[in-house]
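Remarks on the structure that follows.
The values are calculated or read from the model by the stated rules, or taken from the named source; none is laboratory data. Here the structure is a predicted model, which means the values were calculated and not measured. FYI the Cβ positions are ideal-geometry reconstructions off the backbone, even for glycines, and counts take in every protein chain you see. Ligands, DNA and RNA are stripped out before the accessible areas are found, and what is left, the full protein with its side chains, is counted by its heavy atoms. Shrake-Rupley method; radii C 1.70, N 1.55, O 1.52, S 1.80 Å.
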Amino acid sequence: MLKPTIGLEIHFEAKTKSKMFCSCFNDPEEKEPNKNVCPVCLAHPGALPTINKEAIEKIILAGLALNCEIKNYSRFDRKSYFYPDLPKGYQISQFDFPICKNGYLDIHLNNGETKRIRINRIHMEEDTAKLSHEGNSTLVDFNRSGVPLMELVTEADINSAEEAKKFAQELQLILKYNDISGANMEKGQMRCEVNISLSETEKLGTKVEVKNLNSFKAVEKSIEYETKRQKQIIEEGKEVKQETRGWHDTKQITMEQRDKEDSFEYRYFPEPDLPPLNISNEEIEKIKVRLVELPDQKRKRFREEFDLDDKSIEFYINEPELADYFEKTISELNCWNKDCVKDGSIKLCSNYITTDLQSIIKSDSNFDTIEKNIHPENFAELISMIKKGEISSNIAKIILAEMYKTQGDPSDIMKKNNLSSITDDSEIETIIKGVVAKNNKAVEDYKNGKENSFMFLLGQIMAESKGKINPQKAKELLKKIL
Ligand SMILES: [Zn+2]
């Protein structure tokens, strides 16, 4: 059986105030071309680089989050190649002394297994300028030139498209949680390349590199495509060519690429304009305390403390702001976590956040933060009202929408809009009798065995009461009256 062996190279831009070697703004969102530039990032002769401390702290943070050794000694090197997006004719990068070495990341697969993917290194370098092609001409924007860029290289521990995708997704979460990088793939803040070879034995096959992967989907699809393509070549008795290919997103295929780098020897040598980096253990420890709870730690805690199902947990892992909101609401529910789990309050609260609240947020184009609209204390009160049966789920939806709009308190909204439930049996019976009197035909049909008519009558009753009757109660009393 031919087995794919895959390694990933992932670049991500550091979120810092200024660029890697000059004081220009690091603003990937800047629309005006060539605004954030200076002699250093434009490579004017004689301009000297200086190291951005914040960027170094961010790569150390990334290394710590990814279980790497942080090296006390590292240095920058020149990687020479010629391309229009590289004004110096070389990129300042790191060759044999990267800052982070020998880490790993655990990923959780769909079959329930956990797999450890080793990380060979993470090093610091600078991003290139951006080229855009218009008609027959090419434009260069240097806003991105010199933006701090980290490159992570995994060991070839990955054996499927799913594993590669999961690795990239988990990495993105970690970078975002710790504010290391915006890590937005569509915006090019995070970019993936895969190396893939097929082999039947332990001896690796010929490696093909695939570039231009700007989404998780592209990572997954390109691996699936390459696996199939290489398998066919091998089965035909031919040899896979060692090459760099590009992913064509519209055609969903990889294509041969005339690569700027393949024919080049980079001639790495130590950057003479920058001193080597000496990072003390004390400095590393100081940065370590800035690490926030990692996605996997949160998964474990949410499972143990709140007994949530996997689907809800993944929702919160991907929506950390709503996860915080969920926890704040729980603490306002005034019960110990264990009791709240037992009596169903936590599950109820979570369900309202992951469904109703989430859909309200999604439909609000001006959404800023949830706490601005609904204070956790008010949200907790709404959950208690539902829990105690004071309002039906239909009424809860109405009140929730109103709370979001007016930042109001749920019991005030209930009173003001006359939304409290009708609990008095005789009052409910009056409504039911009214509906029955108006719908003779349906009543007759029901008595002749048409079950649908019963549901129709029930619907009329709920509409008449504006959802203020508990449906179970309405069902019981309707049956009795009929
Ligand atoms: Zn600059």
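In segment 269-346, which chymotrypsin sites (Phe, Trp or Tyr not before Pro) fall in coil by DSSP and have 13 or fewer other Cβ atoms within 10 Å?
Here the sparse-neighbourhood loop sites are Trp336.
Do any trypsin sites (Lys or Arg not before Pro) in segment 70-150 lie in a DSSP loop with no more than 13 other beta carbon atoms within 10 Å, and if so, which?
Nothing satisfies the criteria.
Rounding to the nearest 20 debye, state how big the charge dipole of the chain is about its Cα centre with +1 on each Lys and Arg Cβ and -1 on each Asp and Glu Cβ.
Around 860 debye, computed over the chain.
Can you list the residues, at least 5 places off or on another chain, whose amide H is less than 5 Å from the amide H of Lys3, using H built in the peptide plane?
Ser199, Glu200
Treating only the Cβ atoms of Lys and Arg (+1) and Asp and Glu (-1) as charged, compute the dipole magnitude of segment 1-76 about its Cα centre; round to the nearest 20 debye.
So the dipole magnitude of segment 1-76 works out to roughly 180 debye.
What shape does segment 126-201 have by the C-alpha gyration tensor, where a ≥ b ≥ c are the square roots of the eigenvalues, rounded means a/c under 1.5, and otherwise prolate means a/b greater than b/c and oblate the rest?
oblate
Is segment 295-416 rounded, prolate or oblate when judged by the Cα gyration tensor, a ≥ b ≥ c being the square roots of its eigenvalues, rounded requiring a/c under 1.5 and prolate requiring a/b larger than b/c?
Oblate shape, in that a/c is at least 1.5 and b/c is the bigger or equal ratio.
With θ taken as phi - 60° and the coefficients 6.51, -1.76 and 1.60, list the Karplus ³J(HN,Hα) couplings across segment 274-282 in order, rounded to whole Hz; mark glycine and proline as x.
My calculation for segment 274-282 gives 10, x, x, 9, 10, 10, 7, 4, 5 Hz in order.
Compare the Cα positions of Met403, Ile374, Asn417 along the charge dipole of segment 361-420 (+1 at Cβ of Lys, Arg; -1 at Cβ of Asp, Glu; about the Cα centre) and return the one farthest towards the positive end.
Final value for the positive-end residue is Asn417.
Taking amide H positions as placed in the peptide plane 1.01 Å from N, state which residues far from Leu213 in sequence (5 or more) or on other chains have amide H under 5 Å from it.
Cys192
Would you be so kind as to identify which of Ser280, Leu131, Phe21 lies farthest towards the positive end of the dipole of the chain, taking Lys and Arg as +1 and Asp and Glu as -1 on Cβ and the Cα centre as origin?
Projecting each Cα onto the dipole axis, the largest value belongs to Leu131.
Please work out how much length the chain gains when fully extended from Asn136 to Asp307, using 0.36 nm per residue of separation minus the C-alpha to C-alpha distance, in nm with one decimal.
55.6 nm
Give me the 1.4 Å probe accessible area per residue for segment 38-143, excluding ligands and nucleic acids, in Å².
Per residue, segment 38-143 has an accessible area of 46 Å².
What's the ranking of 276-288, 34-46, 181-193 by average number of surrounding C-beta atoms within 10 Å, highest first?
Result, highest mean Cβ count within 10 Å first: 181-193, 34-46, 276-288.
Would you be so kind as to identify which of Ile122, Ala156, Leu198 lies farthest towards the positive end of the dipole of the chain, taking Lys and Arg as +1 and Asp and Glu as -1 on Cβ and the Cα centre as origin?
Of Ile122, Ala156, Leu198, it is Leu198.
Got a sec to turn the phi values of segment 432-438 into Karplus ³J(HN,Hα) couplings, 6.51 cos²θ - 1.76 cosθ + 1.60 with θ = phi - 60°, whole Hz, x for Gly and Pro?
For segment 432-438, the Karplus-derived couplings read 4, 4, x, 5, 4, 4, 7 Hz, x marking Gly and Pro.
Given only helices, namely DSSP H runs of n ≥ 4 each adding -39500 (n - 2.57), what is the per-residue ellipticity at 222 nm of the chain, to the nearest 500 deg cm²/dmol?
The per-residue figure over the chain is -12000 deg cm²/dmol.
If you average the C-alpha positions of segment 347-424 and of segment 59-86 separately, how far apart do those two centres end up, in angstrom?
So the two Cα centres are separated by 49 Å.
Provide the packing ranking of 412-422, 148-158, i.e. peptides ordered by the mean count of other C-beta atoms within 10 Å per residue, highest first.
Highest to lowest by the protection proxy: 148-158, 412-422.
Beyond 19 Å between alpha-carbons counts as too far, so tell me which of Lys79/Lys207; Lys300/Lys338; Lys166/Lys207 fall in that bin.
As for pairs spanning more than 19 Å Cα to Cα, those are Lys79/Lys207; Lys166/Lys207.
5 Å is the cut-off here: which amide hydrogens, built 1.01 Å from N in the peptide plane, fall below it relative to His248, excluding neighbours closer than 5 in sequence?
Correct list: Ile253, Thr254, Met255.
Measure off, as a whole percent, the carbon and sulfur share of the 1.4 Å-probe accessible area of the chain, all protein chains present.
49 percent
Shape verdict for segment 45-161, please, from the Cα gyration tensor: rounded (a/c under 1.5), prolate (a/b greater than b/c) or oblate.
Note, shape of segment 45-161 comes out oblate.
How large is ³J(HN,Hα) for each residue in segment 86-103, as worked out from phi by the Karplus curve 6.51 cos²θ - 1.76 cosθ + 1.60 (θ = phi - 60°), to whole Hz, x for Gly and Pro?
Rounded to whole hertz, the list is 10, x, 6, x, 8, 10, 7, 9, 10, 9, 9, 10, x, 6, 10, 9, 6, x.
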